[in-house]
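Asker: My questions all concern the structure below.
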Amino acid sequence: MILASVTLIVWMTQTLQRVEIVVEHGAGLALFGFLSILIIPSLLAVIIPFALYGAAVYALYRLHSDSEIAVLFAAGVSRWRLSAPILALTAAGALATLYVNVDLMPRSYRVLKEEVADIRADVASSILRSGEFTTFVDGFTIYIDEARPGSQFTGLLVNDYRDPDDVKTYMAERALLRETENGPMLFLRNGNLQRRSSEEADVAIVPFDELAVNVASYQDAPRELVLELTERYPRELLNPDMSKPYDRANAGKLIAEGHSRFAGPLYAFAYVLIGLYALIGGPYSRRGYVLRMAVAGGVIFLLRIGGFLAQGLVAEYGGYWLLYAIPIEAIVIVAFMLYAPPLESGRLHFRKRRPA
């Protein structure tokens, strides 16, 4: 429940960044929803460890409220036995986080980038807009009065002045844009072609019932999509292609991101162990555990911030082991504090357990 609710809240804020797809490019709501869903894996990679912490703390707090933990300890149940089911669930969450980091997130972001690139490259959505003069490429301008569903347009003016010696202007009452084997074609109906060459002073006007204009011939050459950090698999992050300018300029960031993908699941264990120590690690408190929970939340927040800062440092100066050292150190310290037998008179003291 915590994972679903937090993901929904963060997801709703992230989807606002995709509203431009609908507003500027005329994409349908179904496509907008599909693009928004593709954002979720990247959110899960960060939210799953926090959700595990929240679930563990909530469950243990309820047990404290009903005095069930006190009864369990009085019956001889150890901290390890009490926390074992929570740690088992944490292991499952860590594996899910690892899968998201190494496969699901880059896969979904690649689909997202390709879809957005296709939408922005679409002639009907990115060029032909109602009531606007739009320069498609230098020397080719299109104006339409109204854009209708199904790539239908009314009141068109197409001016092709790329060649100063052969300027052409198309005017048409209606037009239809269709994808063909030769690329997008603009079929003009009930209009005229006005043509003027540098050798002739007069403008030649040729009426037509239907005329096809190959819009694909005016498009810029497609640009190669550059895969950014979130769109790459770990093997691509850890082995940058130095023959590409982007990889050369961001080699340190790419390698740091690759190691961060593998170190991310470790934070799930660190968060949960901190939560366990806050609820069952210290002495019994009659005043409640709200303050401990708040302090534990602040500690895991600082731990995650430290991880992000370390990622930026190692990307600049190297030392990628630090990305693993931070969560592992937190796990070892908290686990020792939680499970190590208490020290009494300079010697380890083991509490006797009652037979089950």
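Asker: Between a residue in region 320-341 that is farther than 15 Å from Ala278 by Cα and any residue that is polar (S, T, N, Q), which pairs come within a Cβ distance under 6 Å, given they are 6 or more apart or on different chains?
Answerer: Leu323/Ser260
Asker: Let me ask you something else. Which pairs turn up if I take residues in region 132-145 that are modelled with pLDDT of 80 or more and look for partners that are loosely packed, with under 12 Cβ neighbours inside 10 Å and in a strand (DSSP E or B) with beta carbon separation below 7 Å, at least 6 apart in sequence or on another chain?
Answerer: Listed by first residue and then by second, the contacts come to Thr141/Phe133; Thr141/Thr135; Tyr143/Phe133.
Asker: Take the residues of region 70-125 that are in contact with a Pro (Cβ under 6 Å, 6 or more places away or on another chain) and of a type in the set (Ser, Thr, Tyr): which is modelled with the lowest pLDDT?
Answerer: Ser108
Asker: In region 169-184, which residues are modelled with pLDDT under 85, over 14 Å from Arg148 (Cα atoms) and surrounded by 13 or more Cβ atoms within 10 Å (Cβ to Cβ)?
Answerer: Once the filter is applied, which keeps residues that are modelled with pLDDT under 85, over 14 Å from Arg148 (Cα atoms) and surrounded by 13 or more Cβ atoms within 10 Å (Cβ to Cβ), region 169-184 yields Glu179, Gly183, Pro184.
Asker: Name the single residue that is nearest to the chain's Cα centre (by Cα) among those in region 61-84 being free of Cβ contacts under 8 Å to residues at least 24 places away in the same chain and under 20 Å from Val290 (Cβ atoms).
Answerer: Here the answer is Arg62.
Asker: So, of the residues in region 237-250 that are modelled with pLDDT of 90 or more and assigned to a helix (DSSP H, G or I), which turns out to be surrounded by the most Cβ atoms within 10 Å (Cβ to Cβ)?
Answerer: So, considering only residues that are modelled with pLDDT of 90 or more and assigned to a helix (DSSP H, G or I), the one surrounded by the most Cβ atoms within 10 Å (Cβ to Cβ) is Leu237.
Asker: When you go through Ala270, Ala315, Ala310 one by one, which is the residue that is part of a helix (DSSP H, G or I), modelled with pLDDT under 95 and under 25 Å from Ala91 (Cα atoms)?
Answerer: Ala310 is the lone residue from the list that is part of a helix (DSSP H, G or I), modelled with pLDDT under 95 and under 25 Å from Ala91 (Cα atoms).
Asker: Also, I was wondering about something else. Is it true that some residue in region 282-297 is in a helix (DSSP H, G or I), in contact with a helix residue (DSSP H, G or I) (Cβ under 6 Å, 6 or more places away or on another chain) and among the β-branched types (Val, Ile, Thr)?
Answerer: No, the conditions are met nowhere in region 282-297.
Asker: Something else: Are any residues in region 1-16 aliphatic (A, V, I, L, M) and under 20 Å from Thr97 (Cα atoms), and if so, which ones?
Answerer: Hits for region 1-16 are Met1, Ile2, Leu3, Ala4, Val6, Leu8, Ile9, Val10.
The values are calculated or read from the model by the stated rules, or taken from the named source; none is laboratory data. Keep in mind that this is a model prediction, so the values were computed, not measured. Quick reminder, even Gly has a Cβ in these numbers, built from the backbone with ideal geometry, and neighbours come from all protein chains shown.
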